[in-house]
1. Please check chain A for the longest run free of trypsin sites (Lys or Arg not before Pro) that are loop-located per DSSP (anything but H, G, I, E, B) and have at most 14 other Cβ atoms within 10 Å.
2. If one takes the longest principal axis of the Cα atoms in chain B, at what angle in degrees, from 0 to 90 and to the nearest 10, does the Cα axis of helix B:488-502 lie?
3. Using a cut-off of under 17 Å, list every residue of segment A:111-133 whose amide N is near the label point 7 Å from the Cα of A:V99 along the Cα-to-beta-carbon line.
4. Along the charge dipole of the protein assembly as shown, pointing to its positive end and built from +1/-1 on Cβ of Lys, Arg, Asp and Glu, which listed residue (B:T92, A:S44, B:W409) has its Cα farthest out?
5. For B:M12, which sequence-distant residues (separation of 5 or more, or a different chain) have an amide H within less than 5 Å of its own amide H, given hydrogens modelled in the peptide plane?
6. Once phi is turned into ³J(HN,Hα) by the Karplus curve 6.51 cos²θ - 1.76 cosθ + 1.60 with θ = phi - 60°, what whole-Hz value does each residue of segment B:347-355 show in order, with x for glycine and proline?
7. Give me the summed buried accessible area for the A-B pair, 1.4 Å probe, to the nearest 100 Å².
8. Could you tell me how far the Cα centroid of segment B:299-370 sits from the Cα centroid of segment B:75-152, in Å?
Amino acid sequence: MRTLIFRTVAPYLTSLMILFSIFVLLRGHNEPGGGFIGGLIAASAFAIYGIACGVSPVRRALYFHPMAISGFGLLVSAISGWLSLAFKVPFMTGLWTKVSVLGVPVDLSTVLFFDIGVYLVVLGSITSVALALEEREHG
Amino acid sequence: MAAESIDISNAMLTEPTALGDWMLVAPVGLPILFGAVLLMVRHETRLHAGIAIAGLLLTLGANAALLLQVLADGPKVMTMGRWLPPFGISFTADALGASLALVATLVASVCALYAMKDIGATGRRYGFYPFLMLLMAGVGGSFLTGDIFNLYVWFEVFLISSFGLLILGSTDRQLDGATKYAILNLVGTTLFLTATAYLYGTFGTLNMADIARKADAMRETGPLMTLAVLYLLAFGMKAAAFPVNFWLPASYHTPRIVTAALFGGVLTKVGVYALLRVLVMLFPVERAELSGVIAWVAAGTMVLGIMGAIAQSDIRRVLGFVVISGVGVMLAGLALGTEIGLTGTILYAFHSVLAMTALYLLAGVIKELGGSYSLHELGGLYRAYPAMGAFALVLMLAVAGLPPASGLWPKVLLVRASLEAGWPWLSFAILLTGLLTTIALGRVYILAIWRNGPSGVPADAATGAPGYGYASMALLCVPIILLGIYPEPFIRVAEAAAVGLLDASGYIGAVFPAEAVQ
């Protein structure tokens, strides 16, 4: 699979797919999309990069071990549920706040952070599986 | 800003949540938090045991606080995301769920302690402790959830974690055992999911309190008997009831001994719990119809299980069959369905969680000292390690149901209940199982510990006492002996749990406070 064309295109393809996965993640709150599908797109981006350029560049690019990313995602999701504790509402209640970033009002919510956590869990665990399989193939 | 004027009190809870209610979520939320942290520090294996034990002790504290609250004020409810039940997913803790969650967390903490010795750096890097935490999140969620689909989700959570724990080490034997375990458990899970889909199609709700209050009206028209049978089969597989228990002897002797201890102690009891919850609380009339079948299944499970134990020569395989026969004894109470019978079953579940875990840990210590699990090779341990012999005696008496340890009182209750119900043959089966258990474990004791070994005392008898093994067994022996000589508090809890199952009005009233007033 390591043809010149594929290797040249793969980095661009990967960056585009990751950008798109973040778009899908953020879009998911009111429209089709969300953390799970976003995470899958991002994981396939890393898988493509791994097929084109080998597994170790992917691991270097990720810097953190995929399982650690997955664990961080689980932590983010769990904490966004626990935040309800401070507001005297039941576990996992959606809490909203508005912040202004450079004059643009942005809605922030625990739901968003939960979804980001899901995104990272899916990204981490699927990438971890994919890289392990690709390593076996090339090694 | 029109949204702010909408009255949300018809759809959402409006009173603030008391801090004490968080004890309901903590037994699930804390293990997930700690499991996530452990995943992140996967390569810092030295930190794992400390983090996991701290997390489990916090969970244990939350469980104890929850049980005390439930015993004092009745079932507690927290519905996720403020939606009113049955639309939000409710966590509902009654005496049954809270007490089993407490016992399970206790043995998990002890297993985490023993794992400091049993699981080396490689096992930790493969993720023993994260899997352990996520397994306990799944088990805690199963015991505390009040929603039957959510119960399925928690079953999946602990099932997937248990796959990870089973293959830790990746030897051929483990993969072989794990494949059988995985496939047969997935069949059970699929049945569970099918039954739940059918139930949702029938009732239009998944909240267990909602199902319990609607079941009477559905009885004439709905296929409740079909549902009850499907759940009996699905959870019977999970609980390892005869004749769908062949996955357990095929897999429980393959993992690391501390994993086997946790599985043998806790996992089958989750199946028994689910049977109790669904058949006794949701489908009581159907359970009464099925009681004859359940009684035969119970008798078959306990007698054939323990006969399997007598035939084995590997200690871990013996224990696997003893676990199965214990499940049979618990099913006897389910078949009877009376208050005393269910009290006996629940008390037996407490006993079995503690004693089976301790017995598996004992097997680990025997392996550590004698160098083998095989009864053909072991011997002479009594002379070299009298303390280990003492632990073994107490634990084996406990499992055989002899005083002064924990197995006696649940069996007394179950025998009495089956005599009162006019089923002397069931009490005979329970007593016969007790006798055969004594023979099976007595055989282990004589061959592994009492007799002189084939080569006398083991050559490496000079190795020091196994500190972690003794500490873990001593920790478990405290409640085991307490249950034997001062059973009243335990029986009171089990009785409260049984009463709460038989009369679901407290459970329903906690989820739907408006109904309780009427």
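1. Excluding the exposed sites themselves, the longest stretch runs over A:3-87.
2. 40 degrees
3. Output list for this probe position: A:111-117.
4. Among B:T92, A:S44, B:W409, the one farthest towards the positive end of the dipole of the protein assembly as shown is A:S44.
5. Placed amide hydrogens put B:L84 under 5 Å from B:M12.
6. These are the phi-based 3J(HN,Hα) values: 5, 5, 4, 4, 4, 5, 4, 5, 6 Hz.
7. 1800 Å²
8. Rounded to whole Å, the Cα centres lie 22 Å apart.
The values are calculated or read from the model by the stated rules, or taken from the named source; none is laboratory data. What you see is a predicted model; the values in this text were computed from it and never measured. Methodologically, a virtual Cβ is constructed for each residue, glycine included, from the backbone with ideal geometry; neighbour enumeration extends over all protein chains shown. Surface accessibility is based on the protein's heavy atoms, side chains included, excluding ligands, DNA and RNA. Shrake-Rupley method; radii C 1.70, N 1.55, O 1.52, S 1.80 Å.
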